[in-house]
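The block underneath contains the structure these notes are about, expressed in structure tokens.
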Amino acid sequence: MTYQDYLFRFEARNAAALSNKAPRVFITMWLPASAAKDYLSNIFALPPDVAGLPRVAELERFGFNPLNTRRFTRPMFKVPDEDWAFSVWLFRSPPVGDQAALSAMMASNRELLAKMTAVGGKRYSPYSGVMSSEEWAAHFGPELWRRLSEAKKKFDPNNVLSPGAGIFA
């Protein structure tokens, strides 16, 4: 496999399944290595229709990879405070038009994120749902949150930037 094929392996395998109009209830998180085994038991204990773990129409539903957290040096890209962590990706989509399944998966995501935070994990916010201002503050930690808040007040006093994300709501 070429490097480019490796980088785009998910898209290539799942292009047909991702082309439908089903809502995406994806969730992505980084778990501390010390908590990964116990945490994953939460995911594997979910009912199959909520977990979304089986492959459906050849759609890969679960990703799990080790990460050397020392390689992540950008202060706003938050990873657990351990040398090793695991990325966990759940690619879930309820059937088109099934509001009950969509609601169940979204509630499951909120529970999984709360448990992830409790064990010292961090979320990858583009694929982890909407966060409240308090969740953003906890995610970044007190010092970085203070710096972000001060910069927001200084450089965007009229709240023109980033209204949709609700970071400073």
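The values are calculated or read from the model by the stated rules, or taken from the named source; none is laboratory data. Just so you know, these numbers come straight off a predicted model, no measurement behind them. With ideal geometry, Cβ positions are generated from the backbone for all residues, glycine too; neighbour counts draw on all protein chains shown. Just the protein is used for accessible areas: all its heavy atoms, side chains included, with ligands, DNA and RNA removed. Shrake-Rupley method; radii C 1.70, N 1.55, O 1.52, S 1.80 Å.
Can you give me the Cα centroid spacing of segment 133-156 and segment 95-109 in angstrom?
About 32 Å separates the Cα centre of segment 133-156 from the one of segment 95-109.
Given the pairs Lys37/Lys122; Lys78/Lys152; Lys78/Lys115; Lys37/Lys78; Lys115/Lys153, which span a C-alpha to C-alpha distance of over 23 angstrom in this model? Don't skip to the answer; put the middle values down first.
Working: Lys37/Lys122 16 Å; Lys78/Lys152 19 Å; Lys78/Lys115 17 Å; Lys37/Lys78 21 Å; Lys115/Lys153 32 Å.
Cα-Cα > 23 Å for Lys115/Lys153; rest within.
Would you pull out the residues with amide H under 5 Å of Ser93's amide H, same chain only if 5 or more places away, H placed 1.01 Å from N?
Val25
Using a 1.4 Å probe over the heavy atoms of the protein chains, calculate the carbon and sulfur portion of the accessible area of segment 90-169 as a whole percent.
On segment 90-169, the fraction of accessible area on carbon and sulfur atoms equals 61 percent.
Could you derive backbone 3J(HN,Hα) for segment 90-95 from the dihedral phi with the Karplus parameters 6.51, -1.76 and 1.60 (θ = phi - 60°), listing whole Hz in sequence and x where the residue is Gly or Pro?
Listing the rounded values in order: 10, 9, 10, 9, x, x Hz.
Going by accessible area, probe 1.4 Å, with all protein chains left in place, what is the ranking of Ile167, Ile43, largest first?
Working: Ile167 35, Ile43 0 Å².
Final ranking, largest accessible area leading: Ile167, Ile43.
Taking the radius of gyration and the Kirkwood hydrodynamic radius from Cα positions alone, what is the Rg/Rh ratio for segment 79-169, to two decimal places? Let's see the in-between values first.
Values: Rg = 15.8 Å, Rh = 15.3 Å.
When Rh is taken as the Kirkwood radius, the ratio is 1.03.
What number comes out for the charge environment of Asp81, summing +1 per Lys or Arg and -1 per Asp or Glu over other residues with Cβ under 12 Å away? Walk me through the intermediate numbers first.
On the way: positive: Arg70, Lys78, Lys122; negative: Glu82, Asp83.
Charge balance in the 12 Å sphere: +1.
Per residue, how much accessible area does segment 82-122 have with a 1.4 Å probe, in Å²?
That works out to 49 Å² per residue.
If you plug each phi of segment 117-131 into the Karplus form 6.51 cos²θ - 1.76 cosθ + 1.60 with θ = phi - 60°, what whole-Hz ³J(HN,Hα) values come out, in order, with x for Gly and Pro?
Per-residue couplings from phi come out as 4, 5, 9, x, x, 10, 9, 9, 4, x, 10, 9, x, 6, 10 Hz.
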